[in-house]
Amino acid sequence: MQLRDAESKASLVNRLRRIEGQVRGVENMINSERECREVLQQLLAVRSAVQGATQAFAEAYLRDCLVRACSPDNPDYDELVDDLLLLLGKSTPH
């Protein structure tokens, strides 16, 4: 399945571009030997941004893909729900 909502796609792409910029910024901080605390703070911000993007994508996936493509009487419904829950379980921090 694919996201078909253009607004959701655009929003996710924008988030990913901001994250990409943050990661480049962290790389530059390391190369310019910035204080460890500053680098760690930025890495935590990147982690938070990635988690936010993951949550936004999961919501878009549920709304745009799973709900539209499946109904409880669909034989693949339980498998799709189980797959999503498994994926989300893998993504949670330990």
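Can you list the trypsin sites (Lys or Arg not before Pro) in the range 1-51 that are in a DSSP coil and have 12 or fewer other beta carbons within 10 angstrom?
Values: sites: 4, 9, 15, 17, 18, 24, 34, 37, 47; in loops: 4, 34.
Those satisfying the criteria are 4.
The calculated FRET efficiency for the pair residue 13 and residue 88, based on their C-beta separation and a Förster distance of 22 Å, comes to about 0.55. As a ratio to 2.2 N^0.38 Å, the alpha-carbon radius of gyration for the range 6-91 is 1.47.
None of the figures in this text is laboratory data; all of them are computed from the coordinates on show. These numbers were taken from a predicted model, which means no experiment stands behind them. Positions of Cβ are generated from backbone atoms using ideal geometry, with glycine treated the same way; all protein chains shown enter the neighbour counts.
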